[in-house]
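Student: Have a look at the structure that comes next, please.
The values are calculated or read from the model by the stated rules, or taken from the named source; none is laboratory data. Given the structure is predicted, the values throughout are model-derived calculations rather than measurements. Please note: Cβ atoms are built from the backbone with ideal geometry, for glycine as well, and neighbour counts cover all protein chains shown. These accessible areas exclude ligands, DNA and RNA; they are computed on the full protein's heavy atoms, side chains included. Shrake-Rupley method; radii C 1.70, N 1.55, O 1.52, S 1.80 Å.
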Amino acid sequence: MTTFLDVQPPPEPVLGDGWTLRPLADAGHGVRAYAAVPRGGGTPVELRLYRVQQHPLRVCYPYGAHDIAVGLVVVEDAENMAGRLLSELAPALFAADPHCRRVVAAPAEDDTAAQDAFEAGGFRRVAESDLPGGNVVLFTAEPSWLADLPTALDDMPH
């Protein structure tokens with residue numbers, strides 16, 4: 001049986017030339033934390049990556065062992081920068097871990113800056129949930145091989 005401490009950390013994303021990821025020292029067990037700095041200058045965005053099974057989101061949906069949760073700290077007036085980062089991050093995480101079927105995020109219900117950034121980054125708003133730390137909005141990004149699967153009953157093989 002896999003325990004909480006046996007879970008492998010998420011992969012290190014490889015982003016395009018527009019970003020520098022500077023690791024942050026206080027990430028915690030199984031967490032990758034970065035200051036994502038735009039190469040042309042601008043405000044850094046704090047980024048944390050977790051396996052969902054090590055994150056409170058694990059109670060929100062039937063997660064896969066390779067699903068990744070993204071935590072984001074967006075400072076004032078950096079929503080556009082964060083949206084650009086997120087639009088590159090999800091594909092980079094899917095490329096780094098081909099078994100990952102979802103990248104999810106759960107910004108606080110009152111954190112409209114983070115919610116705007118996730119939407120601008122191509123994440124889809126799917127639900128609201130109550131977690132021990134408060135109310136959150138669940139966002140998800142999925143690789144095209146999963147997102148393009150038909151879900152209508154008429155499209156299912158019989």
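Student: Could you list, in sequence order, the residues of the stretch 29-70 that are in contact with a Lys or Arg (Cβ under 9 Å, 6 or more places away or on another chain), part of a loop (DSSP other than H, G, I, E, B) and either free of Cβ contacts under 8 Å to residues at least 24 places away in the same chain or not aromatic (F, W, Y) (or both)?
Tutor: Of everything in the stretch 29-70, those that are in contact with a Lys or Arg (Cβ under 9 Å, 6 or more places away or on another chain), part of a loop (DSSP other than H, G, I, E, B) and either free of Cβ contacts under 8 Å to residues at least 24 places away in the same chain or not aromatic (F, W, Y) (or both) turn out to be G30, V31, P44, G64, A65, H66, D67.
Student: Shifting gears a bit: Just for the stretch 7-28: of the residues that are touching a residue at least 40 places away in the same chain (Cβ under 8 Å) and open to solvent by less than 40 Å² (accessible area, probe 1.4 Å), which one is farthest from the chain's Cα centre (by Cα)?
Tutor: Going through the qualifying residues, I end up with G18.
Student: How many residues, within the stretch 17-61, are within 29 Å of E128 (Cβ to Cβ), among the aromatic types (F, W, Y) and in contact with a Pro (Cβ under 7 Å, 6 or more places away or on another chain)?
Tutor: 2
Student: Taking interchain pairs and intrachain pairs at least six residues apart, which have beta carbon atoms under 7 angstrom, with the first residue in the stretch 79-103 and of a type in the set (F, W, Y) and the second open to solvent by 10 Å² or more (accessible area, probe 1.4 Å)?
Tutor: Cβ pairs passing all conditions: F94/P143.
Student: Say whether the condition of being open to solvent by 60 Å² or more (accessible area, probe 1.4 Å) and over 17 Å from A120 (Cα atoms) is met by at least one residue in the stretch 64-85.
Tutor: Yes: the stretch 64-85 contains one or more residues that are open to solvent by 60 Å² or more (accessible area, probe 1.4 Å) and over 17 Å from A120 (Cα atoms).
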